[in-house]
Amino acid sequence: MKPSVVIVGRPNVGKSTLLNRIVQKRVSIVEEQPGVTRDRVEVDANWLGRDFLLVDTGGWLVKGSELDAKVSRQSEEAIKGASLVLFLVDATVGVTDEDISVGRWLRSAGVPVLLVANKVDDSAHESQIWDLLSLGVGDPFPISALHGRGTGDLLDEVLELLPPEEDVEVADEEEEEGPRVMGVAIVGRPNVGKSTLFNRLIGEERAVVHDMPGTTRDSVDTIVETEAGPIRFIDTAGMRRKARIDEDTEYFSMLRALRSIDKADVALLLIDSTEGVTHQDQRLAERVDASGCPILILLNKWELLDAEQRRDVEYQLERKLHFLGDATVLKVSALTGKGVQRLMPALSEAIEAYGTRIPTQRVNAVIRAAQQAHQAPRGGRVLYATQGATDPPTFTLFTNKELPASYLRYLENQLRDSFDLGSTPIKLRVRRRG
Ligand code: GDP
Ligand code: GDP
């Protein structure tokens with residue numbers, strides 16, 4: 001397990017800005033108005049070769065509505081597992097009542113805290129930071145998250161304060177010893193029905209369900225025992241929780257999706273059929289596709305559509321997600337359960353295709369036949385082919401000269417069709433002989 005560095009502070013002090021600065025653009029939302037509540041964001045960060053998790057708690061609202069209380073509770077949870085807390089304060093504003101409450105809480109929580117004075121954009125502002133000593137959590141460390149001033153020094157300091165690396169590595173090895181279980185990520189825009197589907201899958205399978213705690217409370221995977229073997233649904237904490245903190249934003253679902261795809265062997269891309277294929281669906285699909293993860297497309301809420309609407313969605317799918325090739329498409333209703341029974345078999349198939357290993361002889365037979373049917377231009381030829389790797393199937397082609405991309409695509413399709421690889425991504429490596 002990587003050590004986690006948790007950023008806390010009242011809204012608008014610059015938490016997201018700092019997070020973005022540290023991990024460079026891969027990340028969270030910077031909002032102008034204060035108090036924009038949001039879910040917690042965790043990202044992988046690295047400084048001078050040391051990996052750690054960076055967590056933005058999404059604000060710490062001490063007083064106010066019930067929603068605020070929930071956000072505060074989230075922050076508290078995050079802090080419990082933290083290796084280090086960065087307590088961010090806006091130096092241009094100085095100490096506020098809220099800062100005082102947060103500081104008090106941090107002192108009582110007994111976690112290592114580094115007080116960070118943000119928005120110190122130039123040295124003229126540096127004298128202001130000594131006010132912050134009154135928070136009683138140590139010397140303030142001046143930075144400008146926006147301009148990057150002092151952030152490198154801050155990270156040096158963070159490394160100093162993290163637990164020694166040896167301990168962390170031992171924990172890593174232990175974790176990796178368990179059996180390999182197929183990972184499935186359920187992705188889609190907010191409200192397309194991810195939670196509904198997930199809960200139905202758990203129910204339908206009547207399976208043993210165990211939670212696999214990840215690094216924090218919020219990244220819990222669920223293992224479901226199915227006939228096809230155990231399947232791990234990735235990052236399911238939010239899906240099982242009944243009342244979510246607040247509406248997911250598109251941005252967060254994208255972020256979460258990308259994170260879970262990293263750990264997945266197959267992605268289930270949910271689309272709300274009643275809304276058709278939206279631009280956001282397209283973007284998400286592109287990202288999943290780029291990750292090399294096989295994709296199953298689920299057109300959800302199918303029961304709400306009449307015949308004409310159904311045709312329209314199918315047409316949109318062809319037009320807007322054509323780059324997914326022949327990914328399996330299932331029409332389902334997560335709510336009523338209709339069509340959901342086809343999901344597990346489809347998943348097993350996708351997983352199987354991904355791990356396919358084809359004997360060299362058969363690979364060569366297919367390539368030979370393909371070349372007989374259609375020769376490559378200008379005397380190009382594949383001399384020999386072999387499957388070098390699985391997950392995903394990776395073929396190495398040894399050729400006499402360079403082959404045009406269109407011809408390689410042709411060969412890829414021949415391999416795909418001959419070996420029933422469906423929508424599994426295939427990699428081709430081309431080596432020139434001589
Ligand atoms: P959060 O609510 O704590 O996550 O705060 P944000 O990261 O959303 O930042 C709130 C506002 O402060 C944004 O308008 C940022 O551009 C601004 N901000 C963040 N860091 C700095 C900084 O170092 N200097 C200045 N001048 N503004 C900053
Ligand atoms: P998530 O944000 O993707 O997790 O979406 P939810 O699972 O929370 O579902 C959002 C809304 O869509 C809820 O009101 C669900 O009851 C509803 N919903 C989900 N699946 C279906 C479906 O197949 N048919 C219909 N009619 N509603 C659905």
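The values are calculated or read from the model by the stated rules, or taken from the named source; none is laboratory data. Because the structure is predicted, anything quoted here is derived from the model rather than measured. With ideal geometry, Cβ positions are generated from the backbone for all residues, glycine too; neighbour counts draw on all protein chains shown.
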Practice problem: Please give the number of the condition A264 fails out of (1) under 16 Å from the mean Cα position of the chain (by Cα); (2) among the hydrophobic types (A, V, I, L, M, F, W, C); (3) modelled with pLDDT of 85 or more. | Solution: (3)
Quiz item: Within segment 118-137, how many residues are surrounded by 14 or more Cβ atoms within 10 Å (Cβ to Cβ) and either without any contact (Cβ under 8 Å) to a residue 60 or more places away in the chain or within 18 Å of L159 (Cα to Cα) (or both)?
Solution: 10
Quiz prompt | Subset of segment 10-61 [at pLDDT 50 or above, surrounded by 15 or more Cβ atoms within 10 Å (Cβ to Cβ) and at positive phi] | solution = N12, G14, G58, G59
Practice problem: Might you let me know whether segment 98-119 holds any residue that is within 15 Å of ligand 1 (Cβ to nearest atom) and in a loop (DSSP other than H, G, I, E, B)? | Solution: yes
Quiz item: Counting only residues that are within 16 Å of T92 (Cβ to Cβ) and among the hydrophobic types (A, V, I, L, M, F, W, C), which one in segment 106-134 is nearest to ligand 2 (Cβ to nearest atom)?
Solution: V116
Self-check item: Meets criteria (part of a helix (DSSP H, G or I) and either crowded, with 16+ Cβ neighbours inside 10 Å or modelled with pLDDT of 85 or more (or both)) for A257
Solution: yes
Quiz item: Restricting attention to segment 349-371, does a residue exist that is at positive phi and surrounded by fewer than 17 Cβ atoms within 10 Å (Cβ to Cβ)?
Solution: no
Exercise. For residues that are polar (S, T, N, Q) and part of a loop (DSSP other than H, G, I, E, B), scanning just segment 384-434, find the one that is nearest to G325 (Cα to Cα).
Key: S423
Quiz item: Under 7 Å by Cβ, and 6 or more places apart or on different chains, what pairs join a residue from segment 4-15 that is away from ligand 2 (no atom under 16 Å from the Cβ) with one that is of a type in the set (D, E, K, R) and not in a strand (DSSP E or B)?
Solution: I7/K15; G9/K15; R10/E98; R10/D99; G14/K119
Quiz item: Across segment 128-168, which residue is nearest to ligand 1 (Cβ to nearest atom) among those that are among the hydroxyl-bearing types (S, T, Y) and assigned to a helix (DSSP H, G or I)?
Solution: T151
Self-check item: Selection count, segment 178-230, where residues are modelled with pLDDT under 55, of a type in the set (V, I, T) and in a strand (DSSP E or B)
Solution: 1
Quiz item: What number of residues in segment 262-296 are farther than 16 Å from L321 by Cβ and either surrounded by 20 or more Cβ atoms within 10 Å (Cβ to Cβ) or within 16 Å of ligand 1 (Cβ to nearest atom) (or both)?
Solution: 3
Exercise. Looking at (1) farther than 24 Å from A45 by Cβ; (2) crowded, with 21+ Cβ neighbours inside 10 Å, find the lone condition where L115 falls short.
Key: (1)
